[in-house]
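*Asks:* Before I ask anything, let me first share the structure, which is written out below as structure tokens.
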Amino acid sequence: MATREQWGSRTGFLLAAIGSAIGLGNIWRYPYIAYENGGGAFLIPYFIALLTAGIPILIMEYALGHRYQGGTPYVFKKLSKKWEWLGWWQIVVAFFIVTYYVVIIGWALSFTYFSFGTQWGQNTEAFFFNQYLGDTGAFWEAGGLQWKVLLPVLLIWAVILFVMQKGVRKGIERASKILMPVLILMMVAITIRGVTLPGAVEGLNVLLTPDFSSLVDPNVWIAAYGQVFFSLSIGFGIMITYSSYLPEKSDLANSGMIAALANSGFEFLAALGVFGALGFLAVSQGSSVNEVVNAGVALAFVIFPQIINQFPGPNSLYGVLFFGSLLFAGFTSAVSILEPAIAGVKEKFDLSRRQAVNWVCGLAFLVSLMYTTRGGIRYLDTVDHFINQYGVALAGLVEVIMIAWAVRKLGMIQEHINAVSDIRIGNWWRFCLAVVTPVMVTLMTVFNLMGEWA
Ligand code: PHE
């Protein structure tokens, strides 16, 4: 086997890992989830999920990749021949995520351009759904490619292909080193402007006022775990693959803490910026924040254009900052979601990187065409729902149970981490992974399914 690619520096690895974690989820998912699940009180389940599941799993994944130097199927096979399939399963889940994730990044590219002169006009909802996506409202009228969406998506795929061909150090690492610092500056600017807008206080009140009664609601805990898994990109083999490119002498525990805290810090910043802006919109329209707040796609592509329309001062600039930050945050996550499949296929079929990249990106591109049809957003919603409901936490749960109980390798992994890291991890780490996380995530999966079928 040829020598394995490696990151150029620790900073390079950290920026790529943080680039994977910070994605669309941080900007539009976290603020809404926090608002819906107890506001300020949501911080409690969120931190518990982060400390007992998020950070421990993240460090475990770093250690697996670093120790076994391979893609996920290879690593799991090394643990036990019986478990290679889990690696492929995670790759399949990640593959489906990336096919629509890239399409949303394409929308962000279009909207960065539309920001100049607020080309979406006054009826931003009709603009996004009807004019831009070509969704006519009736499912049976859907179909046919929507060129306005396809073109930016093609462009994004071309850049992704270019970066992935260049490889780990010259591609992913270099892109992260450029995009991440710019993204963080953009988000700081958005947040400062967001919280200083007239009416911002209203939004911040709604976001931060704690509703402690939410703490007895199991759905709030489900939301906290779900957010932490999705946001940290764990359970998809992404971090295992990224850390397989670490040199032998690499700190693991400390890097995991840094990446997790950077990701959460960014989430909080984004939430303040977004809710400050929502407060501004509500006040300027004479409505309440609860009326303008919205989830996911609509928040970014319908509500934000309205905010930008009303924005006092240079609104094109504010629009470019907002949609540009979605674009950059999404891009570094998209490349990370592709890497497990590329590494997996490359190792399994003994391909060159170029061949593996062409196959994986080519196939993902073909699937993503489905979402660039008129009304393709409906497919997107459906796939996203299933992935979140059945894919995200389940893949992480099975991974933890396999390692803690089926192949019983936690002790070995703990020793490996402590042999290379600045900070030692204690038995609390094993307890979280072997007991706390499986119990919590199993309960949460059961509740989730009950809610789904009720
Ligand atoms: N963690 C990133 C986000 O918050 C993206 C991501 C999601 C990456 C799922 C991998 C898997 O958007």
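*Asks:* Where in the range 11-84 are there helices (runs of 4 or more DSSP H), lying wholly inside it, with at least 3 residues that are over 23 Å from Met402 (Cβ atoms) and within 16 Å of the ligand (Cβ to nearest atom)?
*Replies:* The qualifying helices (runs of 4 or more DSSP H) are 30-36.
*Asks:* Sort out for me the helices (runs of 4 or more DSSP H) sitting completely within the range 288-374 that have 3 or more residues that are more than 27 Å from Lys78 (Cβ to Cβ), in contact with a Leu (Cβ under 6 Å, 6 or more places away or on another chain) and at pLDDT 95 or above.
*Replies:* Answer list for the range 288-374: 315-349.
*Asks:* Restricting to the range 224-259, name every residue that is small (Gly, Ala, Ser) and surrounded by 24 or more Cβ atoms within 10 Å (Cβ to Cβ).
*Replies:* Scanning the range 224-259 gives Ala224, Ser231, Ser233, Gly235, Gly237, Ser243, Ser244, Gly256, Ala259.
*Asks:* Okay, moving on. Six or more apart or on different chains, Cβ atoms under 7 Å: show the pairs whose first residue is in the range 185-196 and within 16 Å of Pro31 (Cβ to Cβ) and whose second is of a type in the set (Val, Ile, Thr).
*Replies:* These pairs meet every condition: Gly194/Val274.
*Asks:* Applying the selection to the range 382-409, what residues are more than 16 Å from the ligand (Cβ to nearest atom), assigned to a helix (DSSP H, G or I) and free of Cβ contacts under 8 Å to residues at least 60 places away in the same chain?
*Replies:* Within the range 382-409, Thr382, Ile401, Ala404, Trp405 meet the criteria.
*Asks:* Let me ask you something else. Of the residues that sit in the range 214-247 and are at pLDDT 95 or above and more than 16 Å from the ligand (Cβ to nearest atom), which one is farthest from the chain's Cα centre (by Cα)?
*Replies:* Ranking the qualifying residues of the range 214-247, first place goes to Pro247.
*Asks:* Listed residues Ala329, Ala300; which is of a type outside the set (Lys, Arg), closer than 21 Å to Pro181 by Cβ and within 14 Å of the ligand (Cβ to nearest atom)?
*Replies:* Just one listed residue meets the conditions, Ala329.
*Asks:* Which numbered condition trips up Thr118, out of (1) β-branched (Val, Ile, Thr); (2) under 16 Å from Pro152 (Cβ atoms); (3) more than 14 Å from the ligand (Cβ to nearest atom)?
*Replies:* Condition (2) is where Thr118 drops out.
*Asks:* Within the range 116-129, is even one residue closer than 18 Å to Ile238 by Cβ, in a helix (DSSP H, G or I), touching an Asp or Glu at 6+ places or on another chain (Cβ under 9 Å) and not acidic (Asp, Glu)?
*Replies:* No: the range 116-129 contains no residue that is closer than 18 Å to Ile238 by Cβ, in a helix (DSSP H, G or I), touching an Asp or Glu at 6+ places or on another chain (Cβ under 9 Å) and not acidic (Asp, Glu).
The values are calculated or read from the model by the stated rules, or taken from the named source; none is laboratory data. Because the structure is a prediction, the values reported are computed rather than measured. Using ideal geometry, Cβ is built from the backbone for each residue, glycine included, and neighbour counts are taken over all protein chains shown.
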